[in-house]
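Following: one structure in structure tokens, then a few remarks.
The values are calculated or read from the model by the stated rules, or taken from the named source; none is laboratory data. Values in this document were obtained by computation on a predicted structure and should not be read as measured data. Cβ coordinates were reconstructed from backbone atoms using ideal geometry, including for glycine residues, and neighbour counts include every protein chain displayed.
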Amino acid sequence: MTPADPPAFPELDAARVDERLRTLTEAVAVSGDETPVRRYVLSVLREHGWAFDVDTMGNVLAHRPSADPAGLRVLLAAHMDEVGLMLLPEDDAGFYRLRPVGGLSPRAVLGQAFWVGPDRVLGVVGLPPVHLHQGQQAFPDWDNLRLDVGPRPEGRVAAGMRAAFATTYRQEGDARFGKAFDDRAGVALLLELLSHVPETLDLWFAFTVQEEVGLRGAQVAAYRVNPDVAIAVDCTPARDIPGLRGEENPAYNVRVGQGPALYLADRLTISDPRLLRHAHRLALQYGLPFQFRQVGQGATDAGAMHVQRSGIASLSISVPARGIHGPIARMSWNDWLHTWQLLWLLLHTLSREVLEAL
Amino acid sequence: MSLLADLLALAALDAPPGREDAVRDAVRRAAEAHGFSARTDALGNLIVGPDEPRLAVFVPLDEIGFVVHAQGEGGFWRVAPLGPVAARVAAYQPVRFLDGGHALLVPEADAPEALRWEHLLADATSPLTLAAWGVWDTAPRMTHDGALGKAVASRALVAIALQLWEVLSLPDEVTFVFAARTWTPGHGEGPAAYGLRPRQMLRLRPAPTQDRPPRRPGGLTLGSGPGLALRDENRLADARLLAWMEDLAREAELPWQAFVPTERTWVWTSAPRVAEGVPTLTVVLPTRYLTSPYERIMTSDAEALLAWLKAALTAVARAPYS
């Protein structure tokens with residue numbers, strides 16, 4: 001297929017997007033306590049004049065009704081939460097026991113600094129020097145790890161609080177480094193679409209909670225909105241490091257720099273064939289880079305959304321990033337931008353005709 | 001057509017999860033030929049019959065599938081399974097794709113003994129297409145006592161439903177749901193049940209026998225009649241439906257066997273938990289080598305299941321949740 005003339009994509013202010021990504025990724029919003037990100041999202045929604053509601057679980061549901069009463073109802077979802085730690089009762093002078101929230105390995109937290117709670121109090125999971133390691137487990141389990149916050153004023157740190165990696169956002173050319181791109185990259189994509197949506201769709205944006213602990217927010221959000229189409233906008237781990245001998249790495253999932261990842265299927269969902277075909281054709285037609293994400297493990301909010309009520313046609317589109325669910329990840333600016341452009345194309349071409357013929 | 005002829009014709013069609021069009025269209029045509037209206041929901045379930053029926057009969061539309069997700073080095077491709085198939089079962093087996101391509105699944109040259117899917121390559125006879133959906137490339141065939149081939153168990157259940165339409169006019173209070181994506185998580189049964197709100201449901205599923213030596217007690221046996229799942233992986237069968245089906249089998253002098261599924265039996269469903277809950281019983285067709293390219297079923301089991309369901313539909317007014 002010959003690429004069509006590229007459409008006139010709206011210009012995005014890269015500096016504004018970077019500032020947005022900085023604000024979003026440096027917030028502490030571990031599953032179950034997404035308040036800092038929710039506050040930011042609400043402020044941007046107010047700025048753009050969108051109607052919104054916060055449901056019982058904490059999902060932000062933003063709505064822009066269609067000018068056409070018969071307009072297709074479309075839900076885009078990006079999750080606000082991130083993986084992190086929950087503090088258990090203090091056992092000695094500022095040492096807190098830990099439990100992971102979401103998919104987090106004890107290996108990933110060793111020797112790392114954390115921000116605790118809304119005040120972002122600094123703590124560290126200390127690592128003894130290597131010459132003192134003898135006889136110790138190479139990778140301690142959670143019971144043997146402590147977060148050291150030091151003596152702190154009463155109330156600033158307490159059991160039950162969440163902690164997230166203390167990682168600042170950085171940019172180097174095309175590369176973007178930071179924590180929680182999963183899924184603040186998706187949240188930023190939705191926020192940047194707010195002022196670029198067509199009037200033909202009955203459009204809902206869900207900024208969901210508790211994705212990392214079982215897609216819980218998306219489940220109730222999709223039930224409430226009951227859309228014709230749901231699209232999960234997420235960030236997927238790129239396992240694209242070459243093999244040790246330079247051979248092909250067959251376990252790669254997606255590759256950084258190869259464009260947005262379209263999901264064929266994952267652990268919980270088979271993408272709707274009509275939506276997948278439509279997105280695939282758009283990417284080919286407009287010469288947008290894209291890749292198919294390897295089928296297998298992992299899941300997005302689509303896993304919960306597509307089985308709500310009598311079923312919802314669903315698709316997942318992700319920005320690839322290396323090192324997610326860890327202290328620092330790397331994402332490509334161009335991947336993020338091409339994901340935004342693909343979503344923009346989808347929103348401007350979705351219609352009931354796309355959903356015909358199943 | 002006979003049950004066996006129907007099932008062989010249906011098993012020759014390809015319906016990987018999410019791409020069940022061929023079988024769905026065949027069933028829709030059969031429904032329309034009987035004067036029944038059929039509708040398709042958002043996930044691809046085909047529904048034949050009224051909403052809020054007294055009884056819903058769920059039948060799987062799909063079969064084990066594959067999808068091409070990457071081009072590997074040296075002209076080989078990477079595929080992933082859609083459904084529960086071990087890599088060791090797939091090695092050296094042929095696969096065909098809905099767009100016409102064919103490939104042989106082969107292990108990498110230095111693949112370990114404990115094969116995983118990431119060690120398998122698709123050696124294609126012609127260039128494949130990314131995102132192409134495929135199925136086992138084995139022709140279904142008749143045996144002296146049944147059928148052998150890909151998807152024969154699931155298609156036998158579809159054929160049984162079509163046979164029921166031949167011999168019974170569809171009762172007003174029964175709806176058939178030909179469910180999509182049943183071999184993958186997030187399958188179509190739950191949303192279909194949510195939309196239908198049946199008072200009770202019978203799920204027809206193939207289930208693996210455990211009758212290869214060494215035999216273990218408690219498993220299904222080929223040729224001993226259809227089975228009733230006493231529970232699935234996470235909930236008990238509905239006791240009143242179980243008793244009803246037992247009574248029907250006794251009255252009709254039909255063979256049947258009870259069994260307790262394991263996590264490798266793949267009969268799980270979310271359907272009983274939708275809305276206010278749906279009383280559910282899973283009725284299974286014993287199948288050897290389930291999900292492999294060569295499933296084996298026996299005609300006598302399928303015919304007993306047909307007779308049992310005929311008795312149930314005839315007596316639907318006596319179904320426990322009325």
Query raised in the report: Regarding B:Leu157, is this residue modelled with pLDDT of 95 or more and under 20 Å from B:Arg19 (Cβ atoms)?
Result: yes
Query raised in the report: Does any residue of the stretch B:178-197 turn out to be part of a strand (DSSP E or B) and either closer than 18 Å to B:Ile297 by Cα or modelled with pLDDT of 95 or more (or both)?
Result: yes
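Rundown of residues vs (1) among the aliphatic types (A, V, I, L, M); (2) under 18 Å from B:Leu290 (Cα atoms), yes/no style:
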| position | (1), (2) |
| --- | --- |
| B:Ala90 | yes, yes |
| B:Pro94 | no, yes |
| B:Gly101 | no, no |
| B:Val106 | yes, no |
| B:Ala111 | yes, no |
| B:Arg116 | no, no |
| B:Leu120 | yes, no |
| B:Asp123 | no, no |
| B:Thr129 | no, no |
Report task. Return the only residue of B:Leu115, B:Leu128 being closer than 23 Å to B:Arg19 by Cβ, within 14 Å of chain A (Cβ to nearest Cβ) and more than 20 Å from the chain's Cα centre (by Cα). Result -> B:Leu128
Report task. Search the stretch A:320-353 for residues being more than 24 Å from A:Ala218 (Cβ to Cβ) and of a type in the set (Lys, Arg), and hand back the single one that is farthest from the other protein chains (Cβ to nearest Cβ). Result -> A:Arg330
Query raised in the report: Mind checking which residues of the stretch B:282-297 are assigned to a strand (DSSP E or B) and surrounded by 23 or more Cβ atoms within 10 Å (Cβ to Cβ)?
Result: B:Thr282, B:Val283, B:Val284, B:Leu285, B:Pro286, B:Thr287, B:Glu295, B:Ile297
Report summary line: Subset of the stretch A:320-339, residues within 24 Å of A:Val83 (Cβ to Cβ) and assigned to a helix (DSSP H, G or I), comes to A:Trp333, A:Asp335, A:Trp336, A:Thr339
**Report entry** Qualifying position, being modelled with pLDDT of 95 or more, hydrophobic (A, V, I, L, M, F, W, C) and more than 21 Å from B:Met298 (Cβ to Cβ), among B:Ala237, B:Ala252, B:Ala271, B:Ala243
**Finding:** B:Ala243
Report task. Restricting attention to the stretch A:267-298, report how many residues are outside any helix (DSSP H, G or I), more than 9 Å from chain B (Cβ to nearest Cβ) and either of a type in the set (Asp, Glu) or touching a strand residue (DSSP E or B) at 6+ places or on another chain (Cβ under 9 Å) (or both). Result -> 2
Requested in this report: Only residues that are facing chain B (nearest Cβ under 10 Å), in a loop (DSSP other than H, G, I, E, B), within 15 Å of A:Trp204 (Cβ to Cβ) and not polar (S, T, N, Q): list them for the stretch A:299-319, please.
Outcome: A:Arg309, A:Ile312
Query - B:Gln200 at pLDDT 90 or above and more than 11 Å from every other protein chain (Cβ to nearest Cβ) - result: yes
Requested in this report: Scan the stretch B:221-232 and report the pairs whose first residue is not assigned by TED's automatic domain parsing to the domain that holds B:Leu285 and whose second residue is buried (at least 17 other Cβ atoms within 10 Å of the Cβ) and of a type in the set (A, V, I, L, M), with Cβ atoms within less than 6 Å and a gap of 6+ or a chain change.
Outcome: none
